[in-house]
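A short write-up of the structure that comes next.
The values are calculated or read from the model by the stated rules, or taken from the named source; none is laboratory data. Nothing here was measured: the structure is a model prediction, and the numbers come from that model. In this analysis, Cβ positions are derived from the backbone assuming ideal geometry, glycine residues included, and neighbour counts consider all displayed protein chains. With ligands, DNA and RNA removed, areas are computed over all heavy atoms of the protein, side chains included. Shrake-Rupley method; radii C 1.70, N 1.55, O 1.52, S 1.80 Å.
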Amino acid sequence: MKKIVVFTGAGVSAESGLATFRDADGLWAQYRIEDVCTPEALARNRALVIEFYNKRRKELLATLPNAAHVAIAQLEEQFDVEVITQNVDDLHERAGSTKVLHLHGELKKLRSEKNPDLIVPIDGWEQTLDDKAPDGSLLRPHIVFFGESVPMYDAAVRIMQGAELVIVVGTSLAVYPAASLLRYAPSGVPVFVVDPGEPDCTAVRNTIYHIKEKAGKGVPMLAEKLISELKR
Ligand code: APR
């Protein structure tokens, strides 16, 4: 089966009702990154950081996958699909995608502040301030903060290097090293971009086909095109 790598960002979840980061009404218009998404913020103002992720987790529990997540999951019937997402929501999994790599962590998991490999699922949406990990240390959101390493990056590179077709959905490509993954798409592999805006595609050397639509419309359209071409 043809290997499709789908690289997604916050825009794929926008029509599910989750805010993006850099759109006018995005999260970074409401919060300062240095207050809620850095290791220093967690040390300096733990309550605010935990509240920020509790709010997003609570919102996620009331959110459903949209047509884009479903179309990506359904592509698995005809193709060997791997999703690499910058998103920390679980909407790809809930739509049925079976191979999802989270570059920036997962909202529904916490981890030991001492041992980053000690990851625990969270029941419900609320992490309390003094929740402890099994190793006795404090728990923190299992999120890659700005300034922290991206442990899944090398695995994501290997996946991208095996792509025979790449689909990019709903990411501004503004954040590194995530955006640099597209440099590893083998030459000659087509890159389809589904985004109503203009992502920064300077890192992309491959031929780009930009579908200037929202994900909920553009991804099902593209999926239908790929499946019909396969059957020709
Ligand atoms: N359908 C498709 N794309 C959309 C939609 C939509 N309905 N709405 C917005 N977009 C696009 C925007 O045009 C933009 O290109 O989604 C992209 C959102 O970009 P960002 O808000 O920068 O989100 P993202 O690229 O995922 O951010 C990357 O930055 O803050 C960090 O860790 C955070 O993972 C995040 C990373």
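For Leu129 and Val157, FRET efficiency with R0 = 30 Å and r from the beta-carbon atoms, rounded to 0.05?
Step by step, r from the Cβ atoms, then E = 0.25.
Show me the three semi-axes of the equivalent ellipsoid for region 99-232, from the C-alpha gyration tensor (sqrt of 5 times each eigenvalue), largest first, rounded to whole Å.
Ellipsoid half-lengths, sorted descending, are 35, 17, 14 Å.
Based on Cβ point charges of +1 for Lys and Arg and -1 for Asp and Glu, what charge dipole magnitude is obtained for the chain about its Cα centre, in debye rounded to the nearest 20? Display every interim value, and only then the final one.
Values: 27 positive and 32 negative charges, 71 e Å.
Its charge dipole is roughly 340 debye.
Once the piece of chain linking Asp23 and Lys3 is laid out straight, how much longer is it, given 0.36 nm per residue of separation minus the C-alpha distance between them?
Residue separation times 0.36 nm, minus the Cα-Cα distance, leaves 4.1 nm.
Accessible area per residue for the chain in Å², computed with a 1.4 Å probe and the full protein assembly in place, what is it?
Working: 10940 Å² over 232 residues.
Per residue, the chain has an accessible area of 47 Å².
Would you kindly calculate the mean projected area, averaged across all directions, of the convex hull enclosing the Cα atoms of region 185-232, in square nanometres? Each step should come with its number before you reach the end.
Details: hull surface 15.0 nm².
Convex hull of Cα atoms, orientation-averaged projection: 3.7 nm².
Of all GluC sites (Glu not before Pro) in region 1-57, which ones are in loop regions per DSSP and have a Cβ with at most 13 other Cβ atoms within 10 Å?
Answer in residue order: no site qualifies.
In whole angstrom, and with the biggest value first, how far do the Cα coordinates of region 1-95 range along each principal axis?
Principal extents (largest minus smallest coordinate, Cα): 50, 23, 23 Å.
How large is log10 I(q)/I(0) at q = 0.14 Å⁻¹ when the Debye formula is applied to the Cα atoms of region 35-171, each weighted equally and without solvent?
Evaluating at q = 0.14 Å⁻¹ gives log10 I(q)/I(0) of -0.71.
To make sure I understand the rule: partners must be lysines, Cα under 18 Å from the Cα of Lys114, and not fewer than 8 residues away in the same chain. Which ones qualify?
Lys132
Calculate what fraction, in whole %, of the accessible area of the chain sits on carbon and sulfur atoms when a 1.4 Å probe is rolled over the protein chains.
Carbon and sulfur together cover 52 percent of it.
Give me, ordered by chain and number, the residues 5 or more places off Val81 or on other chains with an amide H under 5 Å from its own placed amide H.
It is Ile4, by chain and number.
Give me the mean projected area, in nm² to one decimal, of the convex hull enclosing the Cα positions of the chain.
Dividing the Cα hull surface by four gives the mean projection, 12.2 nm².
Sorted from largest down, give the three principal axis spans of the alpha carbons of region 50-98, whole angstrom values.
On the principal axes, region 50-98 reaches 41, 18, 13 Å in Cα extent.
Helix 215-231 versus the longest principal axis of the chain: what angle, 0 to 90°, nearest 10, using Cα atoms?
On a 0 to 90 degree scale, this one is about 40.
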